[in-house]
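Undergrad: Would you mind keeping the following structure in view while I ask a few things?
The values are calculated or read from the model by the stated rules, or taken from the named source; none is laboratory data. If you're wondering where the values come from, they're calculated on a predicted model, not measured in any experiment. All Cβ positions, even for glycine, are placed from backbone atoms using ideal geometry, and neighbour counts span all protein chains on display. Accessible surface areas use protein heavy atoms only, side chains included; no ligands, DNA or RNA. Shrake-Rupley method; radii C 1.70, N 1.55, O 1.52, S 1.80 Å.
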Amino acid sequence: MPQELLLQVSPEIAANELLLKDYIGKQIKVSPKEIQHVSILKRSIDARQKTIKINLKVSVYSNNEPFQETKFQLPEYKNVATAQEVIVVGAGPAGLFAALQLIELGLKPVLIERGKDVRGRRRDLKAINVDHVVNEDSNYCFGEGGAGTYSDGKLYTRSKKRGDVTRILELFVAYGATPDILVDAHPHIGTNKLPQIIQDIREKIIECGGQVLFETRVTDILVKNNEVQGVVTQKGESILANKMILATGHSARDIFELLDRKKIFIEAKSFALGVRAEHPQSLIDSIQYSCDYRGELLPPAPYSIVKQVGGRGMYSFCMCPGGVIAPCATSPGEVVTNGWSPSKRDQATANSGIVIELKLEDFKPYAKFGALAGMEFQKSIEQKAWHLAGETQKVPAQRMLDFTKNKVSATIPKTSYVPGTTSVEMGQVFPGFLTQILREGFSEFGKSMKGYLTNEAILHAPESRTSSPVRIPRDPFTYEHLQIKGLYPCGEGAGYAGGIISAAIDGEKCALMIGESLNKKTSNTK
Ligand SMILES: Cc1cc2nc3c(=O)[nH]c(=O)nc-3n(C[C@H](O)[C@H](O)[C@H](O)COP(=O)(O)OP(=O)(O)OC[C@H]3O[C@@H](n4cnc5c(N)ncnc54)[C@H](O)[C@@H]3O)c2cc1C
C-alpha cells in the first residue's frame with residue numbers, strides 16, 4: 001500500500017519533485033532514491049501567516065509499491081440514435097451534463113440551444129466588446145456551453161450537499177481538463193481551455209446518436225392537460241416529446257415571461273446585486289501574501305470576504321485573480337458585468353463581484369409584475385446603468401475611495417473592461433439603501449483587508465446576474481414541475497444551481513429522475 005501523508009511545506013518544496021522527495025524521505029526515514037513516485041491528492045495554500053505554506057496530502061510509492069497513473073475513462077455511453085427522445089432546452093453545463101446522463105441511461109437527448117456553437121460565439125463577443133452590439137441569442141451568457149464557456153471556470157461549489165462533485169470533476173478531466181482540478185482546493189479551468197472541452201462533450205453526444213440543434217430558440221412550450229407535449233422554436237417548428245429538461249439559465253427572461261404568460265407556476269426568488277471591483281493583481285497579492293512581490297511559485301492571490309452591513313450580507317462573488325471584466329448583457333439597452341480569467345490567470349488585474357443579498361420585499365415597487373418582480377427590478381438597474389454610461393456597452397465606473405466619499409472620480413484609468421468606462425456617481429445606479437450599504441461595506445472591507453479600500457480600485461456597475469431572479473418550482477423527490485407533468489426545471493435558471501459544478505450535478509440529477517420515471521438504470525443510478 002502506498003503511504004498517505006499530510007505535509008505542510010514551503011512553496012519551493014511543493015513545486016519541485018526532487019526537493020519534495022527529499023523532504024518526504026526525511027519524514028518517513030527512507031532514502032529519496034527509494035521513493036519511486038509521489039502523487040499529490042490534495043493541495044491548498046495556507047497564507048494566514050507571514051511565511052506561506054502549502055498543505056499537501058500525498059501518496060508515497062516506494063520501490064516495492066508499483067505506481068500506475070489513473071486514466072479517467074469516459075462512462076459507457078450507449079448508442080441512442082433510435083431510443084426514446086427527451087428534449088433538453090439549453091446547452092449550458094446543466095443541459096450538457098443532462099444530455100450525457102440521458103445517453104448513459106439509453107435515452108436520446110434532443111439538445112436545443114438558441115446560441116451558436118462555441119467557436120461561432122466568438123464573433124458575437126467581439127461585436128459586444130468592440131462595436132457595442134448585443135446579439136440576443138449569442139453573447140457571454142447564451143450559446144454552446146452557456147454562461148460557463150467564457151467564464152473563469154472555477155469549479156468549486158460551496159454546497160457539498162448538492163451531489164457528487166468528484167464525478168463531475170472526473171468527467172471534466174476525461175473530456176480534457178487538467179487533472180490538477182482533482183487536487184487543488186480551488187480548482188479552475190480557464191476561459192481558454194473551456195471551449196475545447198465543451199466541443200468534445202457535444203461531439204460525444206452526437207457520436208452516440210444524440211441530436212444538437214444550434215441557433216434554435218424555444219419560443220413556446222406545448223402543454224395539454226397539464227402534460228408536456230414538446231416545444232415550438234422561432235423557426236415555427238414543433239419538436240415533440242413528453243419529457244423535457246428546461247435548463248435555460250438565469251438570463252432567459254423570455255422563458256420566464258413565457259411561463260408566466262402560460263400560467264405555468266413560477267415564483268420570484270431573491271438574488272444578490274452590486275458592483276464588480278477591479279484592483280491591480282499585485283496589490284491583492286501584497287495584501288494576501290504579505291509580500292511586495294509574489295514571485296513565480298505562488299498563484300495570483302484570490303480573496304474572499306463577507307461582512308454583515310445594515311442587516312444584510314455583503315460579500316465577494318466569483319472572484320477572478322489575474323482576470324478580466326466582461327460585458328455580459330443579453331439584450332440591447334442594458335449593461336451587465338461579470339468576470340473571467342484564463343487558465344494561467346496571468347492578467348494584471350484582479351476582479352470580483354461585490355454584492356449585497358436582496359430580500360423579496362426589495363421588489364415591492366415591481367409587485368405588479370408578480371413572479372417577475374425581481375427580474376423587472378434587475379432589468380431596471382441594468383437599463384439605468386446603460387443610460388448613465390452613454391447608451392453603449394460602456395460601463396458606469398468610479399474609484400472605490402471616491403465612491404465611499406460620494407465624489408465623482410476626476411479620471412478613470414483604463415480597466416480590463418474592453419468596451420470602456422464612463423465616470424459617474426455610482427450611487428445613481430442603485431436604490432438609495434443599496435448605495436448606503438455598499439459605501440459602508442467597502443469601508444468595512446478596508447478595515448479587514450488593509451489596502452483594499454483604495455482609489456487604485458475601480459468599481460464597475462452593475463453585477464446583477466448572480467443567480468436567477470425566478471424559481472421554477474419542482475417536486476423535491478421527482479424533480480418534476482409541481483404543475484406540469486414531464487417538465488423538469490433544471491440548473492441555475494430554475495433556481496437549483498449557482499455555478500458550473502452545481503448546474504452540471506443538477507443536469508445529471510434531472511436526467512436520472514427521468515430515467516427513474518421510465519425505469520431506466522445506469523451505473524450512476526443511486
Ligand atoms: C462571465 C461569467 C463567468 C462565470 N464564472 C464562473 C465560474 O468561474 N465558476 C462557476 O461555477 N460559475 C461561473 N459562472 C456562472 C456559471 O456560468 C453558471 O452558473 C452556469 O453556467 C449555469 O449553468 P446552466 O446550465 O444552469 O445555465 P447557463 O449556463 O446559463 O445555460 C443556459 C443555456 O440555455 C440557453 N437558452 C436560454 N434560453 C433559451 C431558449 N429559449 N431556447 C434555447 N436555448 C436557450 C442559453 O443560450 C444558454 O446556453 C460565470 C458566468 C459568467 C457569465
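Undergrad: Please specify each residue of region 198-254 satisfying the condition of being hydroxyl-bearing (Ser, Thr, Tyr), without any contact (Cβ under 8 Å) to a residue 40 or more places away in the chain and within 13 Å of the ligand (Cβ to nearest atom). Before the answer, list the steps.
TA: Taking region 198-254 first, the residues hydroxyl-bearing (Ser, Thr, Tyr) are 216, 219, 233, 238, 248, 251.
Filter once more, so that each one left must be without any contact (Cβ under 8 Å) to a residue 40 or more places away in the chain: 219, 238.
Correct list: THR219 only.
Undergrad: OK, next. Quick check on SER423: is it free of Cβ contacts under 8 Å to residues at least 60 places away in the same chain and surrounded by fewer than 19 Cβ atoms within 10 Å (Cβ to Cβ)?
TA: When the stated conditions are applied, SER423 passes them.
Undergrad: Test GLU334 against the criterion of being open to solvent by 10 Å² or more (accessible area, probe 1.4 Å) and in contact (Cβ under 8 Å) with a residue 40 or more places away in the chain, and give yes or no.
TA: No; evaluated as a whole, the condition is false for this residue.
Undergrad: Anything in region 114-124 that is closer than 16 Å to VAL418 by Cβ and either touching a residue at least 40 places away in the same chain (Cβ under 8 Å) or away from the ligand (no atom under 14 Å from the Cβ) (or both)? List them, or say none.
TA: ARG122, ARG123
Undergrad: What about GLN68, is it away from the ligand (no atom under 16 Å from the Cβ), farther than 28 Å from ALA497 by Cβ and of a type in the set (S, T, N, Q)?
TA: It is true that GLN68 is away from the ligand (no atom under 16 Å from the Cβ), farther than 28 Å from ALA497 by Cβ and of a type in the set (S, T, N, Q).
Undergrad: Could you grab me the full set of residues in region 181-202 that are surrounded by fewer than 17 Cβ atoms within 10 Å (Cβ to Cβ) and either small (Gly, Ala, Ser) or under 20 Å from ILE505 (Cα atoms) (or both)?
TA: Result: ALA185, HIS186, ASP200.
Undergrad: Can I ask one more? Please verify whether region 72-84 includes one or more residues that are under 30 Å from GLN3 (Cβ atoms), open to solvent by 10 Å² or more (accessible area, probe 1.4 Å) and outside the structural domain of SER251 (by TED's automatic domain parsing).
TA: Initially, region 72-84 is screened for residues under 30 Å from GLN3 (Cβ atoms), giving 72-73.
Pick out the ones that are also open to solvent by 10 Å² or more (accessible area, probe 1.4 Å) and you get 72-73.
With the extra rule that they be outside the structural domain of SER251 (by TED's automatic domain parsing), the set shrinks to 72-73.
Yes - at least one qualifying residue is present in region 72-84.
Undergrad: A follow-up question, please. With the condition being at pLDDT 95 or above, outside the structural domain of LEU246 (by TED's automatic domain parsing) and surrounded by 16 or more Cβ atoms within 10 Å (Cβ to Cβ), I'd like the strands (runs of 3 or more DSSP E) fully within region 257-326 carrying at least 3 qualifying residues.
TA: 272-280, 312-320
Undergrad: Given the structure, is ALA99 surrounded by 16 or more Cβ atoms within 10 Å (Cβ to Cβ) and either away from the ligand (no atom under 14 Å from the Cβ) or under 30 Å from SER286 (Cα atoms) (or both)?
TA: no
Undergrad: Would you please list the contacts, defined by Cβ atoms under 7 Å and residues six or more apart or on different chains, that run from a residue in region 291-303 that is without any contact (Cβ under 8 Å) to a residue 60 or more places away in the chain to a residue that is surrounded by fewer than 18 Cβ atoms within 10 Å (Cβ to Cβ)?
TA: ASP292/SER286
Undergrad: Would you confirm whether any residue within region 370-386 is buried (at least 16 other Cβ atoms within 10 Å of the Cβ), within 30 Å of ILE266 (Cα to Cα) and of a type in the set (Lys, Arg)?
TA: yes
Undergrad: Would you point out the residue of region 296-330, among those that are within 12 Å of the ligand (Cβ to nearest atom) and small (Gly, Ala, Ser), that is nearest to PRO280 (Cα to Cα)?
TA: GLY323
Undergrad: Still on this structure: Does TYR488 count as at pLDDT 95 or above, more than 21 Å from GLY274 (Cα to Cα), in contact with a helix residue (DSSP H, G or I) (Cβ under 7 Å, 6 or more places away or on another chain) and open to solvent by less than 20 Å² (accessible area, probe 1.4 Å)?
TA: Yes.
Undergrad: Filter region 462-485 down to residues that are out of contact with any Lys or Arg (no Cβ under 7 Å at 6 or more places or on another chain) and either on the phi > 0 side of the Ramachandran plot or assigned to a strand (DSSP E or B) (or both) and give me whichever is surrounded by the most Cβ atoms within 10 Å (Cβ to Cβ). First the steps, then the outcome.
TA: Quick first cut of region 462-485, residues out of contact with any Lys or Arg (no Cβ under 7 Å at 6 or more places or on another chain) only: 462, 464-467, 472-478, 483-485.
Imposing the further condition that a residue be either on the phi > 0 side of the Ramachandran plot or assigned to a strand (DSSP E or B) (or both) reduces the set to 462, 474, 485.
Working: PRO462: 26, ARG474: 24, LYS485: 15.
Here the answer is PRO462.
Undergrad: So which residues in region 327-364 are of a type in the set (A, V, I, L, M, F, W, C), farther than 14 Å from ALA461 by Cβ and part of a loop (DSSP other than H, G, I, E, B)?
TA: ALA348, LEU358
Undergrad: Here are the criteria: (1) out of contact with any strand residue (DSSP E or B) (no Cβ under 7 Å at 6 or more places or on another chain); (2) modelled with pLDDT of 95 or more. Tell me which single one LEU102 does not satisfy.
TA: (1)
Undergrad: Any residue that is near the ligand (Cβ under 10 Å from one of its atoms), crowded, with 22+ Cβ neighbours inside 10 Å and not in a helix (DSSP H, G or I) - is there at least one of those in region 155-176?
TA: Yes: region 155-176 contains one or more residues that are near the ligand (Cβ under 10 Å from one of its atoms), crowded, with 22+ Cβ neighbours inside 10 Å and not in a helix (DSSP H, G or I).
Undergrad: Looking at region 177-209, which of the residues that are touching a Gly at 6+ places or on another chain (Cβ under 8 Å), among the hydrophobic types (A, V, I, L, M, F, W, C) and in a helix (DSSP H, G or I) is nearest to THR149 (Cα to Cα)?
TA: LEU194
Undergrad: In this structure, is GLY427 at pLDDT below 95 and part of a helix (DSSP H, G or I)?
TA: yes
Undergrad: In the list ASP46, ASP22, which residue meets the criterion of being touching a Lys or Arg at 6+ places or on another chain (Cβ under 9 Å), surrounded by 11 or more Cβ atoms within 10 Å (Cβ to Cβ) and of a type in the set (D, E, K, R)?
TA: The unique qualifying residue is ASP46.
Undergrad: Regarding GLN378, is this residue in contact with a Phe, Trp or Tyr (Cβ under 9 Å, 6 or more places away or on another chain), assigned to a loop (DSSP other than H, G, I, E, B) and of a type outside the set (Ser, Thr, Tyr)?
TA: Considered against the rule, which asks whether it is in contact with a Phe, Trp or Tyr (Cβ under 9 Å, 6 or more places away or on another chain), assigned to a loop (DSSP other than H, G, I, E, B) and of a type outside the set (Ser, Thr, Tyr), GLN378 comes out as no.
Undergrad: In this structure, is THR454 open to solvent by less than 40 Å² (accessible area, probe 1.4 Å), touching a Ser or Thr at 6+ places or on another chain (Cβ under 7 Å), farther than 30 Å from ALA247 by Cβ and in a loop (DSSP other than H, G, I, E, B)?
TA: no
Yes/no matrix, rows are residues, columns are (1) more than 7 Å from the ligand (Cβ to nearest atom); (2) basic (Lys, Arg); (3) out of contact with any Leu (no Cβ under 9 Å at 6 or more places or on another chain):
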| site | (1), (2), (3) |
| --- | --- |
| PRO109 | yes, no, no |
| ILE112 | no, no, no |
| ALA127 | yes, no, yes |
| TYR150 | no, no, no |
| ILE181 | yes, no, no |
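Undergrad: In the set ASN135, ASN139, which member is at pLDDT 95 or above and over 19 Å from the mean Cα position of the chain (by Cα)?
TA: The match here is ASN135.
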